[in-house]
């Protein structure tokens with residue numbers, strides 16, 4: 001919906017008559033890039049579709065290896081030349097370390113009998129921890145030279161700007177602008193209206209059956225049949241108004257990020273539907289109409305609650321955090337704690353707070369002598385990966401040993417994808433890459449409490 005120009009460009013760039021080897025889909029989060037692409041790929045029934053989530057890849061080498069693994073897991077005619085064991089032994093994915101061996105392997109596969117078009121979808125390529133500009137540049141040049149690759153089409157889905165190295169080489173790019181306010185309302189209504197109506201109907205019936213005797217239930221249901229059309233229409237209008245209020249409240253914070261808007265709808269709806277269920281699904285003006293309910297729960301619609309998992313009130317937010325709403329592992333929690341300490345502590349005081357001989361060098365009673373400010377008035381400072389590792393090793397308290405540096409980078413990639421930790425560059429191997437904690441004090445305090453870690457002892461600032 002509202003993506004007809006992008007659909008026509010997909011048909012033009014990846015059509016049956018003329019197809020490009022490389023196409024980029026660019027646009028913000030939640031604007032329909034992957035959805036529209038998947039709908040288009042459904043029209044390619046005779047093609048081979050390979051989708052790679054680059055967000056979980058540490059390097060471009062891992063991306064290439066996953067592509068080759070996907071190809072060799074498929075049942076092609078050319079595999080008849082090998083036994084299953086021989087196929088595993090001859091699978092070159094494990095020995096693919098550069099773009100040349102990657103291209104040579106794909107060419108070999110095509111020459112061995114794979115004549116179907118191949119669409120390789122690289123989702124969230126810009127979220128890969130390693131720089132992908134050189135990889136895309138080499139991929140584009142190789143595809144232009146080798147005719148065997150005419151049936152192979154790479155589609156990169158990104159949310160950031162086009163890399164500088166690729167801006168002048170003419171890769172076809174389909175841009176997905178943000179939806180307008182009205183378009184966002186219409187799409188969100190299509191996504192959630194029916195689901196919320198069914199929830200409301202089931203919960204209203206359950207409450208009625210629970211509270212009313214059997215004979216009264218029969219009378220109530222008979223009465224409902226007489227006015228069912230009116231009730232359903234009023235409920236539909238209630239939900240439509242609610243969805244409109246959500247979009248109006250958060251659009252200028254989240255733009256048209258439908259993924260985040262859908263999460264916010266689900267969380268606020270838990271409380272917003274309460275007054276209507278209390279009146280058995282009937283609209284009572286001044287009590288269970290949408291505007292009255294909005295006024296009652298107005299605090300849930302403030303823009304600052306647009307951050308993940310904070311659309312509920314403070315007590316419920318803490319309870320959900322205690323129940324691992326973020327689905328964070330113990331290791332991820334300690335990484336977040338270490339990143340927060342690295343962002344809000346002066347590096348010059350690291351020896352005082354995190355030294356092995358800390359207890360001997362630092363008397364807690366002297367802590368107030370440090371220059372202190374409230375963390376609520378401070379902005380997070382950027383830090384290096386080495387400093388994060390040092391603090392993590394100093395504060396980590398668990399019977400489970402610390403994971404390897406590779407696992408650390410994977411955890412950082414996950415946290416960065418959730419915007420809990422921000423990075424200055426996509427290339428984590430670059431020594432100039434800096435990191436910054438992007439989590440509020442309330443959430444950090446809840447995480448620290450869940451692992452029995454007294455973070456206040458390690459903070460030089462007041463809280």
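Return yes or no: is residue 168 modelled with pLDDT of 90 or more and either outside the structural domain of residue 236 (by TED's automatic domain parsing) or out of contact with any helix residue (DSSP H, G or I) (no Cβ under 8 Å at 6 or more places or on another chain) (or both)?
So residue 168 fails the test.
Which one of 265, 284 is modelled with pLDDT of 85 or more and surrounded by 14 or more Cβ atoms within 10 Å (Cβ to Cβ)?
Only one candidate qualifies: 265.
Using the structure shown, decide if residue 194 is assigned by TED's automatic domain parsing to the domain that holds residue 271, exposed (fewer than 15 other Cβ atoms within 10 Å of the Cβ), modelled with pLDDT under 85 and assigned to a helix (DSSP H, G or I).
Judged against the criteria, residue 194 is not a match.
Output the number of residues of segment 1-19 satisfying the condition of being in contact (Cβ under 8 Å) with a residue 40 or more places away in the chain and in a loop (DSSP other than H, G, I, E, B).
Initially, segment 1-19 is screened for residues in contact (Cβ under 8 Å) with a residue 40 or more places away in the chain, giving 1-3, 6, 9-10, 13-14, 19.
From what's left, in a loop (DSSP other than H, G, I, E, B): 1-3.
Result for segment 1-19: 3.
Being surrounded by fewer than 15 Cβ atoms within 10 Å (Cβ to Cβ) and either in contact with a strand residue (DSSP E or B) (Cβ under 7 Å, 6 or more places away or on another chain) or not assigned by TED's automatic domain parsing to the domain that holds residue 417 (or both) narrows it down to one of 160, 132, so name that one.
Within the list 160, 132, the selection yields 160.
Just to check your reading of the model, which residue among 318, 373 is loosely packed, with under 13 Cβ neighbours inside 10 Å and at pLDDT below 65?
Numbers: 318 fails: loosely packed, with under 13 Cβ neighbours inside 10 Å.
Being loosely packed, with under 13 Cβ neighbours inside 10 Å and at pLDDT below 65 holds for just one of 318, 373, which is 373.
The values are calculated or read from the model by the stated rules, or taken from the named source; none is laboratory data. Being a predicted model, the structure only gives us computed values, none of them experimental. Glycine gets a Cβ as well: all are built from the backbone with ideal geometry, and neighbour counts include every protein chain shown.
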